[in-house]
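Below is one structure, written out as structure tokens; the observations come after it.
The values are calculated or read from the model by the stated rules, or taken from the named source; none is laboratory data. Everything quoted here is computed from the prediction, not taken from an experiment. As a convention, Cβ positions derive from the backbone with ideal geometry for all residues, glycine included, and neighbour counts pool all protein chains shown.
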Amino acid sequence: MRSKIVAGNWKMNKTLKESKELANELKSVVENVTLDNTRVIVAPTFVNLTRVSEAVEGSAIEVAAQNMHQADSGAYTGEISGEMLKGIGLNSVILGHSERRAYFGEDDALLASKVDAALKNNLEIIFCFGEELEDRKSDNHFNVVGSQLKNGIFHLPSDAWKNVVLAYEPVWAIGTGETASPEQAQEMHAFIRNLIEETYNESVADNVSILYGGSVKPGNAEEIFSKPDVDGGLIGGAALKAEDFGAIIKAI
């Protein structure tokens, strides 16, 4: 049975002090919630990964990185390798977030190499993808999503998919206050799962968790998560407040 997942991407937010405070607040929240086949993940900025990991130690909260470089090591100033992430005890990394694609020019080919590097270092991948507003308006959203998946991650053998989580994030609904309707989310998630089944097999498709990422809030989380092919959320702004993130966890 595939897991339900609520993952909080803190992006470039929270000082060390603030990160530790939020981690401790979330630890208290999670201790009072029954997590039935549900994982809770937080992704702080690189400089706070170790301290947040220490803060949530002993709880059900997992810690993931927001990104990584595709090389093992080398003259890549400011970059972080998969081996470094494993070295501080991490097991998961977010790859392909729309902001990485838009602001840092990460294309499908680069992301495919990052995927390979993450798996080489035994890191679980939370692989992000999704269409822009113009793609949606022109009815090209299925083609865009299919292309991102085929070029970025469908090169993997089927047995590697046990280390993959997918996160569909319609770019037009990130940080805009706009949200895909539960029906739109389900339609795309079903399309993704069918595409995986066509490319691999029913077992791979049935067992991969597909998250929705796009302005999920306490007020809309339960309805979005109720859809059969939506297995949780990759949460941005609402993950920065323990009360809101806790409500989203309870919604699933």
The condition from (1) loosely packed, with under 13 Cβ neighbours inside 10 Å; (2) part of a helix (DSSP H, G or I); (3) in contact (Cβ under 8 Å) with a residue 24 or more places away in the chain that residue 89 misses is numbered (2)
Log entry, pairs with first residue in region 1-30 being touching a residue at least 12 places away in the same chain (Cβ under 8 Å), second being hydroxyl-bearing (Ser, Thr, Tyr) and surrounded by 20 or more Cβ atoms within 10 Å (Cβ to Cβ), beta carbons closer than 8 Å, six or more apart or on different chains, reads 10/19
*Is it true that some residue in region 224-232 is part of a helix (DSSP H, G or I), surrounded by 15 or more Cβ atoms within 10 Å (Cβ to Cβ), of a type in the set (Asp, Glu) and at pLDDT 95 or above?*
no
Being touching a residue at least 60 places away in the same chain (Cβ under 8 Å) and either in a loop (DSSP other than H, G, I, E, B) or surrounded by fewer than 21 Cβ atoms within 10 Å (Cβ to Cβ) (or both) narrows 135, 206 down to just 206
Those residues of region 119-148 that are aliphatic (A, V, I, L, M) and either in contact with an Asp or Glu (Cβ under 9 Å, 6 or more places away or on another chain) or at pLDDT below 95 (or both) come to a total of 3
Whether any residue in region 56-63 is in contact with a Pro (Cβ under 8 Å, 6 or more places away or on another chain), crowded, with 20+ Cβ neighbours inside 10 Å and not aromatic (Phe, Trp, Tyr) is what I want to check. yes
(request) Evaluate the following for residue 170: is it of a type outside the set (Val, Ile, Thr) and touching a Gly at 6+ places or on another chain (Cβ under 6 Å)? (result) yes
Residue 205 meets each of (1) out of contact with any Lys or Arg (no Cβ under 8 Å at 6 or more places or on another chain); (2) hydrophobic (A, V, I, L, M, F, W, C); (3) farther than 29 Å from residue 31 by Cα with one exception, condition (1)
The number of residues in region 141-181 that are closer than 18 Å to residue 114 by Cβ, of a type in the set (Gly, Ala, Ser) and without any contact (Cβ under 8 Å) to a residue 12 or more places away in the chain is 0
For region 183-191, indicate whether the set of residues that are touching a Phe, Trp or Tyr at 6+ places or on another chain (Cβ under 7 Å) and assigned to a strand (DSSP E or B) is non-empty. no
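The rows are residues; the columns are (1) in a loop (DSSP other than H, G, I, E, B); (2) crowded, with 23+ Cβ neighbours inside 10 Å.
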site	(1), (2)
114	no, yes
125	no, yes
131	yes, yes
147	no, no
151	no, no
155	yes, no
159	no, no
165	no, yes
Is there a residue being over 22 Å from residue 209 (Cβ atoms) and within 18 Å of the chain's Cα centre (by Cα) anywhere in region 82-100?
-> no
Only one of (1) in contact with a strand residue (DSSP E or B) (Cβ under 8 Å, 6 or more places away or on another chain); (2) at pLDDT 95 or above; (3) surrounded by fewer than 21 Cβ atoms within 10 Å (Cβ to Cβ) does not apply to residue 5, and that is (3)
